[in-house]
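Scroll down for the structure; my scribbles are underneath it.
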Amino acid sequence: MLRPVLQYPDPILRKTCLPVIEIDENIKNLAVDMLDTLTTVGGVGIAAPQIGVLKRVVIIDVSLEKEEEDVPQDFRVFINPVVTVLDSRPHEENEGCLSVPDLRAKVKRPSRVALDAFDLDGNPVHIEGSGYYGACMQHETDHLDGKLFIDHLSFLKRSLYDKKMRKDKK
């Protein structure tokens, strides 16, 4: 089922998500709804709080790892993901977010990370990524802790975006 994507500054986006204790039908249905929403609105990842559910579930397009043109998207569900920095040297990527419309900005993050989680069958999953793929892993898991990519921007860039959002609301 397609669900609306919450938009900044919705306060739910700033809340910390609860771990998934049991992978039951509710979690599997949540994953289906998240995938339906992501494939309809477009993007490379989505986190449960973006559709108003405070659970530690993300979906990421793992085809990004290949860094090739014309590779079909391959979305995977990650439950209770934990990111570990493998290389802390900064790497800058141009990021955007379904919950932060009309803004793309360069964000510095660690250059290589690992993501450990569970799949929908409860099996442990370990993936590693760098570049855009690694940034995506970090971006989506940040959502689970109430963080948005705009939190990584300078005060000036963030202030200009906030001013634009207030102006657009009027």
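The values are calculated or read from the model by the stated rules, or taken from the named source; none is laboratory data. Just so it is clear, the structure is predicted and the values come from calculations on it, not from any experiment. Note that each Cβ is placed from the backbone with ideal geometry, even for glycine, and that neighbours are counted across all protein chains shown. To get the accessible areas, we keep the full protein, side chains included, count just its heavy atoms, and leave off ligands, DNA and RNA. Shrake-Rupley method; radii C 1.70, N 1.55, O 1.52, S 1.80 Å.
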(request) State whether the residues of the stretch 50-64 include one that is open to solvent by 70 Å² or more (accessible area, probe 1.4 Å), of a type in the set (A, V, I, L, M, F, W, C) and in a helix (DSSP H, G or I). (result) no
(request) Taking L98 as the residue in question, decide whether it is open to solvent by less than 70 Å² (accessible area, probe 1.4 Å) and touching a residue at least 60 places away in the same chain (Cβ under 8 Å). (result) yes
(request) Find all pairs meeting these conditions: Cβ atoms under 7 angstrom apart; at least six residues apart or on different chains; first residue within the stretch 150-167 and among the hydroxyl-bearing types (S, T, Y); second residue at pLDDT 90 or above and in a helix (DSSP H, G or I). (result) Y161/I150
(request) Go through the stretch 66-87 and give me each residue that's under 22 Å from G146 (Cα atoms) and open to solvent by less than 90 Å² (accessible area, probe 1.4 Å). (result) V77, F78, I79, N80, P81, V82, V83, T84, V85
(message) When you check H91 against the structure, is it touching a Ser or Thr at 6+ places or on another chain (Cβ under 7 Å), in contact (Cβ under 8 Å) with a residue 40 or more places away in the chain and open to solvent by 40 Å² or more (accessible area, probe 1.4 Å), yes or no?
(response) yes
(message) What's the total number of residues in the stretch 111-170 that are within 20 Å of V53 (Cβ to Cβ), of a type in the set (A, V, I, L, M), open to solvent by less than 10 Å² (accessible area, probe 1.4 Å) and outside any strand (DSSP E or B)?
(response) 3
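Are any residues in the stretch 25-49 open to solvent by 50 Å² or more (accessible area, probe 1.4 Å) and either in contact (Cβ under 8 Å) with a residue 40 or more places away in the chain or part of a loop (DSSP other than H, G, I, E, B) (or both), and if so, which ones?
The answer is K28, L35, V41.
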